[in-house]
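Notes follow the structure.
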Amino acid sequence: MLAGRPVDWDFLRQVLLLPDEDWKRGPAHVARLIEKLRAKRDLQGNIKDLEQDLTGTTSSRLGLGGNNPPEPLDRDSQLPAGLLIVWAPLQELKEEAEKQAPDPARLRKATDALILALAEIGKWCGRKLDRATDKAID
């Protein structure tokens, strides 16, 4: 607080509410639990940021050149097919991260699916840039 960084009160609450058995096992054990809590909090924050980016992408796309149509009633049905590749594993990752004891195998599976989807998106963008460069040269 003295350094000007805001205190994450929810995180501190989670640390303080660790069971007495964990506190009795010593500082090394509590430190491992705090790192797990921190990793879970960071994961949930990253998921929330990515969801906001995807939602912003879909809403800005509907307004661009679309005569500013009214807000759709059902936002999920308006997701372009290309974004569903990212949205599905993101939702699975979100559901697993919200559990009390997330399954590392399911987290890894969802993360691998996201990485694969983002790699394909990167390749697609690279091909488009390659074509644009070829056209500029022509």
Here the qualifying pairs (Cβ atoms under 8 Å; residues six or more apart or on different chains; first in region 23-50 and closer than 21 Å to residue 114 by Cβ; second open to solvent by less than 80 Å² (accessible area, probe 1.4 Å) and of a type in the set (Lys, Arg)) come out as 44/94; 47/94
Scanning region 67-100 residue by residue, those modelled with pLDDT of 80 or more and more than 14 Å from the chain's Cα centre (by Cα) turn out to be 99
Considering residues of region 13-46 that are of a type in the set (A, V, I, L, M), in a helix (DSSP H, G or I) and touching a helix residue (DSSP H, G or I) at 6+ places or on another chain (Cβ under 8 Å) only, the residue farthest from residue 86 (Cα to Cα): 30
Taking the conditions exactly as written (modelled with pLDDT under 80, among the small types (Gly, Ala, Ser), open to solvent by 40 Å² or more (accessible area, probe 1.4 Å) and not in a helix (DSSP H, G or I)), does residue 4 satisfy them or not? no
Search region 116-138 for residues being open to solvent by 100 Å² or more (accessible area, probe 1.4 Å) and in a helix (DSSP H, G or I), and hand back the single one that is nearest to residue 95 (Cα to Cα). 116
Which residues, counting only those in region 89-106, are without any contact (Cβ under 8 Å) to a residue 40 or more places away in the chain and either open to solvent by 40 Å² or more (accessible area, probe 1.4 Å) or within 12 Å of residue 43 (Cβ to Cβ) (or both)? 91, 92, 95, 96, 99, 100, 101, 103, 104, 105, 106
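The values are calculated or read from the model by the stated rules, or taken from the named source; none is laboratory data. Keep in mind that this is a model prediction, so the values were computed, not measured. Here the Cβ is made from the backbone with ideal geometry for all residues, glycine too, and neighbour counts use every protein chain on show. Keep in mind that these areas ignore ligands, DNA and RNA; they rest on the heavy atoms of the full protein, side chains included. Shrake-Rupley method; radii C 1.70, N 1.55, O 1.52, S 1.80 Å.
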